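In what follows, a structure is listed as C-alpha cells, so that the remarks can point back to it.
Each value in this text was obtained by applying a stated rule to the coordinates, not by laboratory testing. Quick caveat, the model's predicted, so the values are computed rather than measured. Cβ placement follows ideal geometry from the backbone for every residue including glycine, while neighbour counts extend to all protein chains displayed.
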C-alpha cells in the first residue's frame, strides 16, 4: 500500500516508520526542510528507543522517503495520514490551524489530480476534538467540489513515549472510525500485520473513535491523580503508600498500571487531553467535575512537593526563601526513555527553586539539550549526574531513569554539601537512606530524618 504522513513529529514519524517496516511504501511530509534533510540521512530528530534502527533499515530498503512537496507525497497515496500538532492553551482550547492547513494542502493535490481518480482515504491520526474529522471532510469537500472522490477516517494513536515502537507493533487494540465499508476494509488490511497476537481492530463511527482517545487518556490521568491523593492521605495518617498500593492493586478489578505515586503526570497528552475534555464539556453544557479535579490535583501535587523543600530549609514561600541554597535535579524529561520535557514536573520545580533564590543544576540522560533550549540562562544543565550534585544542599529526583536507581551513596555524600534527598518518584527505600545518613522525603511515606 502507498501511504503518506503529514507531519514528522512523534506520531507521524513513528507511524510512518512502522508502517513502512511491514512493506508499505511511505512518504513522510514536512515543511521543515532542515528536519527532512536530517531524516533523509537516517537520523531521527526525536529520541525514541529503536526508532533510528528502523528508520535506517527502511530508508535503505527504499520503502521510506521524505519530502517537503505535498503533491509529490500525496499524488500516488492510497491513504493520507494527518499527524500534525494540535496545541492547546491553558484552558484546553485546541488550535486546529495545522489540521486546517493539512486539509487545504490535500485538497489542492486532489484538485490537480482531477475527477476520475481512485478515492483516497484521508485519515486523521492527530488527537483532535470530537467532530474534527468531519471538519476536515467538509473543508476538503468545499474546495474540491462534488466530483472528486475521497473518504475520511479517524485512527487515534495510543503510543507511550519510550515504548512507541513496541506499542505500534504490538497494540492492545486498534481503533478506527469510518463512514463506509471501503474505508474500513483498507484500514483492516493496513493493520492486519500488527494484530496477529489476537488483539482486536475496533471499527466504529468517526465521532466515537475520536472520543475513545480522550476517554482513554482522561482515565489514565485520573488513576495517577487518584493514587497521589491517596499518597497525601497516607502521609497525613502515617501509612505507607507503597504497602497500600500493593494491597489495593492485588484486586484484579483495579490492576496496577498507572497507580504509582509521584509528582504527577506531564508530557504532551495527559495535560492537554484532560483540559480538552473539560473544554468540550463547557462547550456542550456538560459538567466534567471529575476531569477538573484530576487536573487541579495534578497541578497541586507539584506545589505540595515543593512545599516539602521549603519546609525543610525553613523558608517561607516568598522570593528569596532559598537564597544561598543549591538544588541539584536528577531527571528533567517528564518520564524515562524520552527527551520530551513538555509539562515536565522538573521544569516547574526548577523554575520555582530559581524564583525562590536557589541556584539550580540538573542532569538528564537524554533531555539535557531540550532543557537547555527551554530553560535559558540561570540553569546549569550538566552532562554527569554527580557533577550536577556537586556542592548541592539537596538532591531532587524528578524522573525515574534507571541511571538513578542505585547511585553510589558514598560518592554522592562526598560530592554534596548537604545530605538530603527529595525523592519525587519513590526510588529509594527509607531504610537505605537512613543507613547512608541522608534525610529523605518521598511521596506517601514518612520522611527520614537521621
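Run through the DSSP bridge list for the chain and note the antiparallel percent, rounded to the nearest 5.
10 percent
In nm, to one decimal, how far is the residue 160 label point from the residue 43 one, both placed 7 Å along Cα→Cβ?
Using points 7 Å along Cα→Cβ, the separation is 3.0 nm.
Past the 17 angstrom mark, what percentage of all C-alpha to C-alpha distances in the stretch 110-189 do you count?
Taking all Cα-Cα pairs of the stretch 110-189, the fraction more than 17 Å apart is 54 percent.
PRE reach from residue 237 (point 7 Å along Cα→Cβ): which of the stretch 415-450 fall under 17 Å by backbone N?
444-446
Hey, for a label at residue 369 modelled as a point 7 Å past Cα toward Cβ, could you say which residues of the stretch 378-405 have their backbone N under 20 Å away?
379-385
Which number do you get for Rg(Cα) / (2.2 N^0.38 Å) in the stretch 206-450?
Ratio of Cα Rg to 2.2 N^0.38 Å: 1.04.
Quick one: what Rg and Dmax do you get for the stretch 239-314 from the alpha carbons, in Å?
Looking at the stretch 239-314, its Cα Rg and Dmax stand at 15.9, 47 Å.
Contour minus end-to-end for residue 67 and residue 104, with contour as 0.36 nm per residue of separation and end-to-end as the Cα-Cα distance?
Between residue 67 and residue 104, full extension yields 11.6 nm more.
Let me make sure I get this right: for the stretch 2-204, a, b and c are the square roots of the gyration tensor eigenvalues over alpha carbons, sorted descending. Under 1.5 in a/c it's rounded, otherwise prolate if a/b > b/c, else oblate. Which is it?
rounded
Summing -39500 (n - 2.57) over the DSSP H runs of n ≥ 4 in the chain and dividing by its residue number, what mean residue ellipticity at 222 nm do you reach, to the nearest 500 deg cm²/dmol?
-13500 deg cm²/dmol
For residue 292 and residue 248 in the same chain, what is the full-extension length gain: residue separation times 0.36 nm, less their Cα-Cα distance, in nm?
13.4 nm
Can you pull the percent of Cα pairs in the chain with separation above 33 Å?
Within the chain, distances greater than 33 Å cover 42 percent of Cα pairs.
Using the 10 angstrom Cβ neighbour count as an exposure proxy, how do 337, 429, 253 rank, fewest first?
253, 429, 337
Can you give the log10 of the normalised intensity I(q)/I(0) at q = 0.18 Å⁻¹, computed with Debye over equal Cα scatterers of the stretch 4-112?
-0.86
Could you line up 361, 442 from fewest to most neighbouring Cβ atoms inside 10 Å?
361, 442
Set the Förster distance to 22 Å, then compute FRET efficiency between residue 311 and residue 429 from the Cβ-Cβ distance, nearest 0.05.
After rounding, the FRET efficiency stands at 0.45.
Roughly how many whole Å is it from the C-alpha centroid of the stretch 248-321 to that of the stretch 163-197?
Computed from Cα coordinates, the inter-centre distance equals 32 Å.
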